[in-house]
There are 2 protein chains.
Amino acid sequence: MSAELDQLCVNTIRTLAMDGVQKAKSGHPGMPMGMADAAYVLWTRFLKHNPANPDWPNRDRFVLSAGHGSMLLYSLLHLIGYDLPLEELKSFRQWGSLTPGHPEYDLAHGVETTTGPLGQGFATGVGMAIAQAFLAATFNKPDVAIFDHFVYAICSDGDLMEGVSHEAASLAGHLGLGKIIYLYDDNEISIEGSTDLTFTEDVPARFRAYGWHVQEVDGHDRDQIDAAIRVAQLETERPSLIVCHTHIGYGSPNKQDTAASHGAPLGEEEVQLTKEELDWSYKRPFTVPKQALEVFRQAVDAGKQAQAEWDKTFEQYEKAYPEEAALLEALWAGDLPEGWTDALPTFTPDDGPLATRKASGAVLNAIASKLPTLIGGSADLAPSTNTLLKGYGDFQKETPAGRNLRFGVREHAMGSILNGMALYGGLLPYGATFFVFSDYMRPAVRLAALMEQPVIYVWTHDSVWIGEDGPTHQPIEHLAAVRAIPNLVVIRPADANETAAAWRVALERREGPTALVLTRQSLPIFVETKRNYADTVARGAYVLVDSSGVPSLILIATGSEVSVALGARDLLAEKGIAVRVVSMPSWELFEAQSDEYKASVLPPQVTARLAIEAGVSLGWHKYVGPEGDVMCLDHFGASAPYKVLMEEWGFTPEAVAKRALKLLE
Amino acid sequence: MSAELDQLCVNTIRTLAMDGVQKAKSGHPGMPMGMADAAYVLWTRFLKHNPANPDWPNRDRFVLSAGHGSMLLYSLLHLIGYDLPLEELKSFRQWGSLTPGHPEYDLAHGVETTTGPLGQGFATGVGMAIAQAFLAATFNKPDVAIFDHFVYAICSDGDLMEGVSHEAASLAGHLGLGKIIYLYDDNEISIEGSTDLTFTEDVPARFRAYGWHVQEVDGHDRDQIDAAIRVAQLETERPSLIVCHTHIGYGSPNKQDTAASHGAPLGEEEVQLTKEELDWSYKRPFTVPKQALEVFRQAVDAGKQAQAEWDKTFEQYEKAYPEEAALLEALWAGDLPEGWTDALPTFTPDDGPLATRKASGAVLNAIASKLPTLIGGSADLAPSTNTLLKGYGDFQKETPAGRNLRFGVREHAMGSILNGMALYGGLLPYGATFFVFSDYMRPAVRLAALMEQPVIYVWTHDSVWIGEDGPTHQPIEHLAAVRAIPNLVVIRPADANETAAAWRVALERREGPTALVLTRQSLPIFVETKRNYADTVARGAYVLVDSSGVPSLILIATGSEVSVALGARDLLAEKGIAVRVVSMPSWELFEAQSDEYKASVLPPQVTARLAIEAGVSLGWHKYVGPEGDVMCLDHFGASAPYKVLMEEWGFTPEAVAKRALKLLE
């Protein structure tokens, strides 16, 4: 390959990016222009993938963590032969196009993950590398390797400033994830100007401190880049960072090396000047020179060949290890092993009282053997969140087949890593922390919901009833805050049986994440919750205990407040009041039911409704209506034993019954 | 001082901590026991403070970032002479006590900030150091220094794993905040066990990479600790980290160096065994030996003397610089300079259309000269959030009197740093980013609300109408999510005048944080919004345009949707329908109004109500009732020009009018 042809190819990426942003009248041209050399080397000389079959399991993963440079990714995908026609690049950032402003997970067209919120891609890639290491350790055999690819990413100054990247980098270094090769676009420019304004740390030293292998190259010297990637591939014990010193907006006579090329079109005139500077002889925008395209499109045949070889390997594997192969294929299809639900425990009142976090731990351990890729862990709270899979070992550098992840006190990275694991495929990933710290991982939860990934969150210590730890650890606004996230299903079970049902819903849900919101304190187990999960938790809300006739009053509660509601019901029954108690573990699941079902649970004519939930009232008025009432907590908590708090704040059967009577007056 | 007496004092801290946790039957004894030596040295030999007057402005700040070790702080505060009687230590974690499970901001009793959520204290201390550097640069004179104290903290493994500490550390290193001296409790144990499980990075190397000065000491060798603090004090160009190698649960024969001493009482028996091991000869729990107390209580006189000296210095200052002194005293009292509101601009329709972020920038720059300690910045989005104070320079190492902070892409640290600045006193701190990234800073926002600190958030690009950047950057659930936080006032102004009024509300609010939620896109400016802010935005909701008679329908909208509602009103008026348009910039402010006022804006008899807001519907049913309707967005956004999105999703006057008509049927 001549240097001249290489240069033409690189400039094809640059001009497509410039033209795309210019046509859209918005976007980020500078980063694609600066990283075009490095990306070109990576994509044409190293990346092992199959444009004709983007979901080939052993493909190298590529994450554009600096998602604002999306035109770099779209240009590469188009040029290299993915199903992304040039027309799509011309409709960059337009309604209905495949080329949104920031890359959105769309594997069919080669986009491995949604990026844009900085730091997320960095940490998501770490999750992919964990997934690979686990599956390789679990399924590879001494004589045949099914998983042996790399995880590449391009990340930016912004990515490396975000705390989530620090957390993920520290963990990746600890785990020795040698398959990670990240290219850092060190262009010294962010939106406000020079990184001298705020980002002067010694990045290579920092990554070495995390245990990474670090190299520095001139990001426009393709030989240096080539050599560095080769070295990084040979480094199997440590993740690799290749610091690429680049010029943002490379080639733009007036905007190179300035923030002006970062987040806005160059302008028609500057685009022309830049093309001249780059010796680009084509007048028409979006020109792809034939000889450049030929270079890129070699990836199509190379990809087919690479997969064909792997397919052969897999056939070999299938013959030698038919069970493992069958399991892998089922996992890849997203199927859960048949009969796994038989392992789900049911509980009787005698098994209680039991905290739902403990019930959850029992469920997890009961099903672990049936679901061999159920893998997860906690942000340094395994003993408290009851999320340890007993007998399945830790996932560590020396023991990558372990199924317990030790995330450390890194909730945010945990969230993003879970996304990477879910995106990878074949796994059932879960992560746990205290509910109040869901705040720390919120940006990652949002992305799981947006990408429709089946991640499971185990959020324990779910209310002020954690007691003594006090307001810093007491969730108040968190139920409302997570219910607000579209496509996140939130389930707050009322007892151990609802917890088992919640796990079933979560594991069977493939179209998005599910949060299990669980108590620290013990709760009674109800006879009534033993019913089929499809008629109870899966409905979101259901009649737990009914009055014999038409109810005069409906008590609606979730989680630990259900037992309080039942207690109040007994008191009201003594006064001859017909009360229905509705357990409502999940608003989202309830909203998905038919109007008919909804009306059967909350008949419109029964307007005396009282909702009881230990959290902010936000949103409850929808269910209780203007003639109803809510017993919630619209203020922060306090440090004291939880039974004292219950008395003080009126979360007792007596107080609820009193409020209900007032409602009936 | 004899080594023996020192040892007695240190063991007094240890035994109080053990006894406190034991009596409460919950808490974290291990950390106080491990850090007792270092804390003792710091508090008795270095900390310059005045127990009799905890809010002396030039006191050293001490932050217990590892807030779970709260008994360490409470023991020290009691022993050293703060108004925290021994009885309070005995009622650790009980209802109504001054000793909650995790420290809560309570300056009267010596607690500088709320900690517990890991990493927060670390970053909050950075904010305090920024505040000090700014005030020192602004008010100190060559001949007289008003501010020259240190900012100390004790932080833990958990703190240093959290991303927010990485962000804050990187920024502190960049800014060369030499007054920072942090003691790191390197005890190699976290809740799940040894830090070898997950945290094996080279912490000293990492901090050196951030530009910190790092020392390592035996955390039980008081001479080493003493010497290290002295060296750290002499280091004025870099923040200091002193790595203290300690034994968690020091002295416990069976639990030292194990996770068992981390988060649970030692148990009666182990407490006894530990006291024996420590040669503690007192039988009764909570014993404070007289000779130990005398040592600690020397701080009382020393503190009075230190403040007396400073008072003299301040008198001197007052004479030489009466204006500055008067200003400082006013600032300290939390008073805004008289007449500052005269500088607030008003806008006429001819000034528009104008994005509310731009109006906000105009307001900020109009009032900047009147409010000399209005100081803030953005997480690398200053040009987009319009938050630069023109002509006031950057806050940098060489220019600490600058009023523009360059936070970098570090939203979370920004939030915590703002808390530290607000806690420090005298400042009006604000921080800006895109609204969608409020998720990144949420844990810090929660703490501002919990601590009732007057921090101002400028969250721009407030809806899907940011358009082309797409769903990763389009807030959907964020209004609901921030409205859920108790004591956070959220204001989404409808035009430039409401924006000016919102700034006034925010700046005058002293009892908690305020969020300004502002548009990217241009909005018309209404004649009707020029009215007195007290009758409009300060009310939370008000009648913007009314029908001549009783309205048949109320349109309720916030922010950019108000102009859509007004457009719909015109269309409906053509059909002879009497429509009231309510602008509702702030739910929280509206909820604080009298029932009478509320009913005047939303008369109960008018049940045909339509709410229009470009975000999730969560919570709106409270205002529209069961006969009303909502036009919201309960799904993620899409990448396209915003006017296309408005058409697609029906946020046009025509679509609103149509929906309203349906409601009236």
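The values are calculated or read from the model by the stated rules, or taken from the named source; none is laboratory data. All values reported here derive from a predicted model rather than from experimental measurement. Every residue, glycine among them, receives a Cβ derived from its backbone with ideal geometry; neighbour counts consider all protein chains shown.
Exactly one residue out of B:Ser600, B:Ser617 is touching a Cys at 6+ places or on another chain (Cβ under 8 Å), among the small types (Gly, Ala, Ser) and surrounded by fewer than 20 Cβ atoms within 10 Å (Cβ to Cβ), and it is B:Ser617. Beta carbons closer than 7 Å, at least 6 apart along the sequence or on distinct chains, pair a first residue in the stretch B:405-434 that is within 19 Å of B:Tyr105 (Cβ to Cβ) with a second that is of a type in the set (Asp, Glu) and not in a helix (DSSP H, G or I) for B:Leu423/B:Glu112.
Please pick out the residue among A:Ser91, A:Ser70, A:Ser65 that is of a type in the set (S, T, N, Q) and more than 25 Å from the chain's Cα centre (by Cα).
A:Ser91 is the lone residue from the list that is of a type in the set (S, T, N, Q) and more than 25 Å from the chain's Cα centre (by Cα).
Any chance the stretch A:650-657 includes a residue that's part of a strand (DSSP E or B) and more than 20 Å from B:Ile485 (Cβ to Cβ)? Checked against the condition, which is being part of a strand (DSSP E or B) and more than 20 Å from B:Ile485 (Cβ to Cβ), the stretch A:650-657 yields no hits at all.
Tell me, which residue of the stretch B:241-263 that is among the polar types (S, T, N, Q), crowded, with 19+ Cβ neighbours inside 10 Å and out of contact with any Phe, Trp or Tyr (no Cβ under 7 Å at 6 or more places or on another chain) is nearest to B:His166 (Cα to Cα)?
Restricting attention to the stretch B:241-263, the residues satisfying the condition of being among the polar types (S, T, N, Q) are B:246, B:252, B:254, B:256, B:258, B:261.
Restricting the remaining residues to those that are crowded, with 19+ Cβ neighbours inside 10 Å gives B:246, B:252, B:256, B:261.
Now drop any that are not out of contact with any Phe, Trp or Tyr (no Cβ under 7 Å at 6 or more places or on another chain), which leaves B:246, B:252, B:261.
On the way: B:Thr246: 22, B:Ser252: 32, B:Ser261: 27 Å.
Going through the qualifying residues, I end up with B:Thr246.
Of all the criteria given as (1) touching a Lys or Arg at 6+ places or on another chain (Cβ under 7 Å); (2) more than 21 Å from A:Asp634 (Cα to Cα), the one not satisfied by B:Val489 is (2). Restricting attention to the stretch B:131-184, the residues being polar (S, T, N, Q) and more than 10 Å from chain A (Cβ to nearest Cβ) number 3.
Cβ-Cβ distances below 6 Å connect the following pairs, each with a first residue in the stretch B:568-589 that is within 21 Å of B:Tyr623 (Cα to Cα), a second residue that is of a type in the set (Asp, Glu), and a separation of six or more residues or different chains: B:Arg580/B:Asp546; B:Pro585/B:Glu498.
In the stretch B:197-212, the residues that are within 7 Å of chain A (Cβ to nearest Cβ) reach residues that are assigned to a loop (DSSP other than H, G, I, E, B) and of a type in the set (Asp, Glu) with C-beta atoms within less than 7 angstrom, at least six apart or across chains, in these pairs: B:Ala209/A:Glu201; B:Ala209/A:Asp202; B:Tyr210/A:Glu201; B:Gly211/A:Glu201. Taking the listed residues B:Tyr40, B:Tyr74, the one that is among the aromatic types (Phe, Trp, Tyr), under 29 Å from B:Trp332 (Cβ atoms) and touching a residue at least 12 places away in the same chain (Cβ under 8 Å) is B:Tyr74, with no other qualifying. Within the bounds of the stretch B:356-373, is there any residue that is part of a strand (DSSP E or B) and out of contact with any Lys or Arg (no Cβ under 7 Å at 6 or more places or on another chain)? No: the stretch B:356-373 contains no residue that is part of a strand (DSSP E or B) and out of contact with any Lys or Arg (no Cβ under 7 Å at 6 or more places or on another chain). For the stretch B:440-497, the candidate set comprises residues that are without any contact (Cβ under 8 Å) to a residue 40 or more places away in the chain and of a type in the set (S, T, N, Q); within that set, the residue that is surrounded by the fewest Cβ atoms within 10 Å (Cβ to Cβ) is B:Asn487. The residues on offer are A:Ala481, A:Ala444, and the sole one that is more than 30 Å from B:His262 (Cα to Cα) and either within 8 Å of chain B (Cβ to nearest Cβ) or out of contact with any Asp or Glu (no Cβ under 8 Å at 6 or more places or on another chain) (or both) is A:Ala481.
Here A:Gly615 meets the list (1) in contact (Cβ under 8 Å) with a residue 24 or more places away in the chain; (2) over 16 Å from A:Val656 (Cα atoms) almost entirely, failing just condition (2). For A:Tyr282, the conditions (1) hydroxyl-bearing (Ser, Thr, Tyr); (2) within 14 Å of another protein chain (Cβ to nearest Cβ); (3) touching a residue at least 60 places away in the same chain (Cβ under 8 Å) all hold with the exception of (2). The residue that is nearest to B:His473 (Cα to Cα), counting only those in the stretch B:610-640 that are β-branched (Val, Ile, Thr) and within 10 Å of chain A (Cβ to nearest Cβ), is B:Val616. Considering the stretch A:428-439, the residues that are within 30 Å of A:Asp55 (Cβ to Cβ) and buried (at least 24 other Cβ atoms within 10 Å of the Cβ) include one that is nearest to the other protein chains (Cβ to nearest Cβ), namely A:Ala432.
With respect to being of a type outside the set (Asp, Glu), touching a helix residue (DSSP H, G or I) at 6+ places or on another chain (Cβ under 7 Å), buried (at least 20 other Cβ atoms within 10 Å of the Cβ) and over 29 Å from A:Ala501 (Cα atoms), A:Ser639 fits the description. Put simply, of A:Asp380, A:Asp394 the only residue that is surrounded by fewer than 24 Cβ atoms within 10 Å (Cβ to Cβ), touching a Gly at 6+ places or on another chain (Cβ under 6 Å) and at the interface with chain B (Cβ under 9 Å from one of its Cβ atoms) is A:Asp394. In the set A:Leu327, A:Leu336, only one residue is buried (at least 17 other Cβ atoms within 10 Å of the Cβ) and in a loop (DSSP other than H, G, I, E, B); that residue is A:Leu336. Would you check if A:Ala614 is at pLDDT 95 or above, in contact with a helix residue (DSSP H, G or I) (Cβ under 7 Å, 6 or more places away or on another chain) and farther than 16 Å from B:Val624 by Cβ? So A:Ala614 passes the test.
For the stretch A:67-98, a residue qualifies if it is out of contact with any strand residue (DSSP E or B) (no Cβ under 8 Å at 6 or more places or on another chain), in a loop (DSSP other than H, G, I, E, B) and either under 16 Å from A:Val21 (Cα atoms) or within 14 Å of another protein chain (Cβ to nearest Cβ) (or both), and the qualifying residues are A:Ser91, A:Phe92, A:Arg93, A:Gln94, A:Trp95, A:Gly96, A:Ser97. For residues in the stretch A:539-564 being modelled with pLDDT of 95 or more and in a loop (DSSP other than H, G, I, E, B), which is farthest from A:Leu664 (Cα to Cα)? The extreme case among them is A:Gly540. Restricting attention to the stretch B:21-78, the residues that are surrounded by fewer than 23 Cβ atoms within 10 Å (Cβ to Cβ), of a type in the set (Ser, Thr, Tyr) and closer than 23 Å to B:Ala108 by Cα total 1. Residues that are in contact with a Leu (Cβ under 6 Å, 6 or more places away or on another chain), at pLDDT 95 or above and of a type in the set (S, T, N, Q): does the stretch A:337-353 have at least one? Taking every residue of the stretch A:337-353 in turn, none turns out to be in contact with a Leu (Cβ under 6 Å, 6 or more places away or on another chain), at pLDDT 95 or above and of a type in the set (S, T, N, Q). The set of residues in the stretch B:529-538 that are in a helix (DSSP H, G or I) and modelled with pLDDT under 95 comprises B:Thr529, B:Lys530, B:Tyr533, B:Ala534, B:Asp535.
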